[in-house]
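None of the figures in this text is laboratory data; all of them are computed from the coordinates on show. The structure presented is a predicted model; accordingly, all values stated were derived computationally and were not measured. No Cβ is skipped: glycine too gets one built from the backbone with ideal geometry, and neighbour counts run over all protein chains shown.
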C-alpha cells in the first residue's frame, strides 16, 4: 500500500507522507510563533517551543508529564 500523498500544483509534484504530524505555527503553551527549527523539533518531541521546554517543562518535568501546563 502506498503511504505517500502526491499533489500537483502548477506543474510541480509534491510528495509527502500521508500520516505526517502537522506542526502548528505557534507554541500551544506560550502562543508565540515558532521562529527556529529548534522550536519545531522541540514541539515534535515535547509539545512546546524550545523556550517553554527550558523554562516550564524541564524544571517541572513530573508535573508536566501528568498534564500540567502553565497559565500565561
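Peptides 15-27, 58-70, 35-47 ordered by packing proxy, namely the average of other Cβ atoms within 10 Å per residue, highest first: 35-47, 58-70, 15-27.
Per-residue ellipticity at 222 nm computed for the chain from its helices equals -5500 deg cm²/dmol, with DSSP H segments shorter than 4 residues left out and the rest contributing -39,500 (n - 2.57).
With the Cα gyration tensor of the chain giving a ≥ b ≥ c as the square roots of its eigenvalues, does the rule (a/c under 1.5 for rounded; else a/b larger than b/c for prolate; else oblate) give rounded, prolate or oblate? Note, shape of the chain comes out prolate. Placing R0 at 25 angstrom, the Cβ-Cβ distance between residue 16 and residue 71 gives a FRET efficiency of 0.10 after rounding to 0.05. For the chain, take the longest principal axis of its alpha carbons; what is the angle in degrees between that and the long axis of helix 37-46, to the nearest 10 within 0 to 90? So the helix axis and the longest Cα principal axis differ by about 70 degrees.
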